[in-house]
Amino acid sequence: MSTVRVPGAERQRSTRLADLTTRGTAPGGHTVPEDWEYLHASATPLPAPVPGLQLDGCFPSATVLNPHHGWQHDAQFVIRLPEEWNGSLVVTAAPGIRRQYAGDRMTGDWALARGYAYAATDKGNSGPEFHTAGRAPGDALAEWGERVRQLAVAARETVRRHYGAEPRRCYLTGISNGGYLTRLGLERHPELFDGGVDCEGPLWLAEGPNLLTHLPAWLADYPRYRDTGDEQAHARLLAAGLPAGSEFLWEAHHRTYWDFTQRTYRAVFDPGYPGPGLPPEGVPFAAAGAPGADADYDYAARPAAVREAVARVALTGAIGKPLLSLHGTLDALLPITLHSDRYAELVAAAGRGGLHRQYRIEGANHVDGFCDLFPGRLRPLLPAYRAAFAALEEWVERGTQPPQSCTVARDVDDADVSGWAQAGQPESAST
């Protein structure tokens, strides 16, 4: 196996490994477990070893938020090229604000075990200071889509140089923010991909919904509900999108996700909100009424420039290649009704419903790691995610239609798509 240069890379490191999966990369420092911890349930099995070549590198970037390899350099990527190649390529982007190895356990292990070449990006900026990237409101998120396009182009050429053949198929996939970028890639650059699987991607629309239209209400009402059991506060939380039945998840999500997500993403699009003397990311857990509190943030009342910044990263639903979308019905960070059902409606309105399926996974949350914290109360998304990917392969490569959009009931085998459609189809799903 020859070492191959990744086109456009500013820096690159090549290593031949006896195993490209996390079983082999973690002990030798060829992945960073902190990137992917808590994203999967502990019972997730490991595949057999996959020998091959790993390419770590970075593209030119002006920011220094990614510390991996001691480079202090953003736009980092990893490309893995198995010895036994199936002729195709999987491209993904990190969920949340994690870095390039974040997909290793959920996506990379499975893709490599199936013989795929695999490429992942840190999206160009990452970590708790990601909102500082760029010069203008919206720049940080706008960079993400460009970095996925950049990696896809480079990875396709790297595969050609390494194996001596163009990839037969190129699939785009991802979870959370990686799911958003899967949608975006199939809308803006369908020429690069043959299809995609979007798992629980967030929706960005200038007019809403988006993260900034529901998180402030949760920050304002949850402490009152938690501390007093206020029924009106509870009703407002449900009206703001939190799924009924997910209450047991709210405290952990409030501590871990809601406040941080609202403040840092709001800082991307509206850094001036907190006011004089306060940082763009505001004050952690500031109560409603406190100076610069994000619990008081009113997206609709903010200047038009904020919505213009969101419009730069907004989705349209106009996908150009087949897309399978999955989302848990107990997602307490990105509610399915606001982020997945609404996107299915966009796809249908754009006249692309024939290219799309939406699967609502009953009892699944946003992060499979919570399955270990609440045994028996949650269902992992990963088996359905991998089954959907296999269904996409059948659809693209053999013309076998996947199940129609539906809710996958808890008593249905989520690893076998043949039984999914028995549960019926939600009114909001595309067909």
| Theoretical gain in end-to-end length, Ala390 to Ala318 [0.36 nm per residue, Cα-Cα removed] | 23.6 nm
| note | Once both label points are put 7 Å beyond Cα along the C-beta direction, the Ala136-Ala300 separation in nm becomes 2.8 nm
| remark: Fewest-first ordering of Tyr180, Tyr222 by Cβ atoms within 10 Å yields Tyr222, Tyr180
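Evaluate the relative contact order of the chain (contact order divided by residue number), counting alpha-carbon pairs under 8 angstrom at least 6 apart; express in whole percent.
Numbers: 956 pairs, mean separation 57.5, N = 431.
Rounded, it is 13 percent for the chain.
Within 10 Å of each residue's Cβ, count the other Cβ atoms and sort Phe59, Phe77 from fewest upward.
On the way: Phe59 21, Phe77 25.
Final ranking by Cβ density, sparse to dense: Phe59, Phe77.
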| remark: Measuring from the longest principal axis of the C-alpha atoms of the chain, the long axis of helix 382-398 (C-alpha) lies at a number of degrees, nearest 10, equal to 50 degrees
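Using 0.36 nm per residue, how much length does the chain from Arg16 to Tyr163 gain when fully extended, once their Cα-Cα distance is taken away? It would help to have the intermediate numbers written out before the result.
Details: separation 147, 0.36 × 147 = 52.92 nm, distance 1.50 nm.
Gain in length upon complete extension: 51.4 nm.
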| request: Sort Ser14, Ser176, Ser126 so the one with the fewest other Cβ atoms within 10 Å of its own Cβ comes first. | output: Ser14, Ser176, Ser126
| field | Amide H partners (placed H, <5 Å) of Ala286, local residues excluded | value | Asp294
| Pairing the Cα long axis of helix 211-228 with the longest principal axis of the chain, what angle in degrees results, from 0 to 90 and rounded to the nearest 10? | 60 degrees
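May I ask you to derive the FRET efficiency for Asn86 and Arg23 from their Cβ-Cβ distance with R0 = 22 Å, giving the value to the nearest 0.05? Display every interim value, and only then the final one.
Numbers: r = 20 Å, r/R0 = 0.90.
With a Förster radius of 22 Å, E is 0.65.
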| request: Specify the inter-centroid distance of the stretch 16-45 and the stretch 252-295, based on alpha-carbon positions, in whole Å. | output: 33 Å
| Suppose every K and R has +1 on its Cβ and every D and E has -1 on its Cβ; what is the size of the dipole of the stretch 211-311 about the Cα centre, in Debye to the nearest 20? | 180 debye
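What is the stretch 259-354's relative contact order, in percent, from Cα pairs under 8 angstrom and six or more apart in sequence? Don't jump to the answer; show the numbers that get you there.
Values: 80 pairs, mean separation 18.5, N = 96.
Relative contact order, the stretch 259-354: 19 percent.
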| remark: Over the chain, the sum of -39500 (n - 2.57) across DSSP H runs of at least four, divided by residue number and rounded to 500 deg cm²/dmol, gives at 222 nm -9500 deg cm²/dmol
| task | Along Cα→Cβ, 7 Å out, is where each label goes; now give me the distance between the ones at His69 and Thr44 in nm to one decimal. | result | 2.4 nm
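Between Gln232 and Glu397, take the C-beta separation as r, use R0 = 45 Å, and let me know the FRET efficiency to the nearest 0.05. Please list the in-between numbers first.
Details: r = 53 Å, r/R0 = 1.18.
For R0 = 45 Å, the calculated efficiency reads 0.25.
Charges at C-beta only: +1 for Lys and Arg, -1 for Asp and Glu. How large is the resulting dipole of the chain about its Cα centre, in Debye rounded to 20? Don't skip to the end; give the middle numbers.
Working: 40 positive and 51 negative charges, 228 e Å.
The dipole magnitude comes to about 1100 debye.
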| task | Could you pull the Cα extents of the chain along its three principal axes, largest to smallest, in whole Å? | result | 62, 52, 41
| message | Given the options Gly292, Pro271, Leu326, identify the residue whose Cα lies farthest towards the positive end of the charge dipole of the stretch 248-340 (+1 on Cβ of Lys, Arg; -1 on Cβ of Asp, Glu). | response | Leu326
| query | What residues have an amide H closer than 5 Å to that of Ala240, excluding those fewer than 5 places away on the same chain, when H is modeled at 1.01 Å from N in the peptide plane? | reply | none
| remark: Residue span Phe248 to Ala311: 0.36 nm per residue of separation minus Cα-Cα distance leaves a gain in nm of 19.3 nm
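Read-outs throughout are calculated quantities, based only on the coordinates presented, and are distinct from any laboratory measurement. Computed from a predicted structure; not experimentally measured. Cβ sites come from the backbone with ideal geometry, for glycine too, and all protein chains shown count toward neighbours.
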